[in-house]
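Report on one structure; see the data block that follows.
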Amino acid sequence: MTNASERLSLLLNRFLKKTITSEELCELSSLLDGVSEQEISIVLKKIYDKASVPTFFADKLPSEHILEQILQRTEDSNMSVNAPAKKIRPLLMKLTAAAAVIGLVVGFFIFPSKNQQPNSQHISSIQNNDGDILPGGNRATLKMSNGTTIVLTNSPNGILAQYGSMAVKKLADGQLAFDAGSSTTENHQSNGWNTISTPRGGQYQLTLSDGSKVWLNAESSLKFPSQFIGNERRVELVGEAYFEVAKNRKQTFKVMSKQMEIQVLGTHFNLSDYDSQGTSKTTLVSGSIKIRRGTQVHLLKPGQQAVLNKDKELTLLDHVDIESEIAWKNGLFLFKDASIQHVMEQIARWYDIEVVYQKNHSKKLLNGSVSRTVRLSALMEMLAYTGVEYEIQGKKVFIKN
């Protein structure tokens, strides 16, 4: 590295740690005018390598996207910067513009803390006082087998319903459990089918009576019995859910969707079967599952995905990107070479908005990671960095290109 590059590295580190002085900020701005884009790239890459950012983007990210990640990781800190705020934005623009010269792919990043979960205070996708739209949150309705309906969103923690030895408990915000207690398969007077449903902009976690855990994504529903009786554990899904099935070799676990049957003993997998998608996808994380549609049967291994396309053909894909498929469960939007339509479909479902395309769909592919806890305006600003032109009017987002 040249002396200028070493000085640039020092000042950039101070800038990102928010310890830079006003004089050093001016010096940094001047350095950027005299250092080549290649030198900026090298400096940013070295800072990026020390930032403990997951490596699956490392071979694809140009400098501007590395910069976006680094900046976001420092923006969330509580340290104050010793420099006038009005000088920072032009500096960011200059850094991004310089780094963009060597950019190769389109990307956007608001990088959250590890395993960050959606903020439970964001209980609905509504407009804030400033007109911004908040993200979705823990919202669901439980319809019991006896006809009772419970709105889980605002229900207190504790036992919500009880009959016999069966107790329905709200464990925490966004978590519900069916506790069979000391019930036996012979005592099934309290057994019946229940349905938990999430709206657009909602999600919920459910623990079934056998200990299996289910995470429901937005606009989804799960039909399940209070207790599993006999040699089969059977549930019915509409929408998307992630399953962690408790092992029980005496009771096969079956998930029925509109288009497929999934049979497991004990495993982790994700099933996405929205009507609007036109395709159904089952992704296996661990264990093994059997996918059945009519006479078509596939046995999946970890890392594989079964896809039922619009022509109702069932195909098996190897080495799928599991992290992208289950990102929603971990509080993230995660896109890799995704179309604008695919991106906006997920955004619309989580923020409960309508998307209107004013021109033919762009063929641009997007890559990036965004926390599902950010407001709509912040997310759309990240998309704007990729060249997406948009306008928000109430609960409609117009995509202009």
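The values are calculated or read from the model by the stated rules, or taken from the named source; none is laboratory data. Quantities reported herein were computed from a predicted structural model and do not represent experimental measurements. Backbone-built Cβ (ideal geometry, glycine too); neighbour counts: all protein chains shown. Protein only, heavy atoms only, side chains kept; ligands, DNA and RNA dropped before computing areas. Shrake-Rupley method; radii C 1.70, N 1.55, O 1.52, S 1.80 Å.
Miscellaneous remarks
- Where residue 312 falls short, out of the listed (1) in contact with a strand residue (DSSP E or B) (Cβ under 7 Å, 6 or more places away or on another chain); (2) open to solvent by 60 Å² or more (accessible area, probe 1.4 Å); (3) of a type in the set (Lys, Arg): (1)
- Residue list for the range 276-298, filter: hydroxyl-bearing (Ser, Thr, Tyr), closer than 19 Å to residue 218 by Cβ and not in a strand (DSSP E or B): 276, 279
- Criterion violated by residue 197 - all others in (1) at pLDDT 95 or above; (2) open to solvent by 60 Å² or more (accessible area, probe 1.4 Å) satisfied: (2)
- Against the test of being over 28 Å from residue 214 (Cα atoms) and either open to solvent by 40 Å² or more (accessible area, probe 1.4 Å) or of a type outside the set (S, T, N, Q) (or both), the options 387, 287, 368 yield a single qualifying residue, 387.
- Residue tally, condition surrounded by fewer than 17 Cβ atoms within 10 Å (Cβ to Cβ) and under 18 Å from the mean Cα position of the chain (by Cα), over the range 342-364: 2
- Residue ID - modelled with the highest pLDDT, chosen from residues in the range 289-318 that are among the polar types (S, T, N, Q) and over 24 Å from the mean Cα position of the chain (by Cα): 315
- Residue that is least open to solvent (accessible area, probe 1.4 Å), among those in the range 204-254 that are acidic (Asp, Glu) and outside any loop (DSSP other than H, G, I, E, B): 240
- Candidates are the residues of the range 371-384 that are under 13 Å from the mean Cα position of the chain (by Cα) and open to solvent by 10 Å² or more (accessible area, probe 1.4 Å); the one that is farthest from residue 139 (Cα to Cα) is 374.
- Any hit, the range 331-349, residues being aromatic (Phe, Trp, Tyr) and either modelled with pLDDT of 90 or more or on the phi > 0 side of the Ramachandran plot (or both): no
- Counting the residues of the range 142-178 that are of a type in the set (S, T, N, Q), at pLDDT 90 or above and closer than 21 Å to residue 212 by Cβ gives 1.
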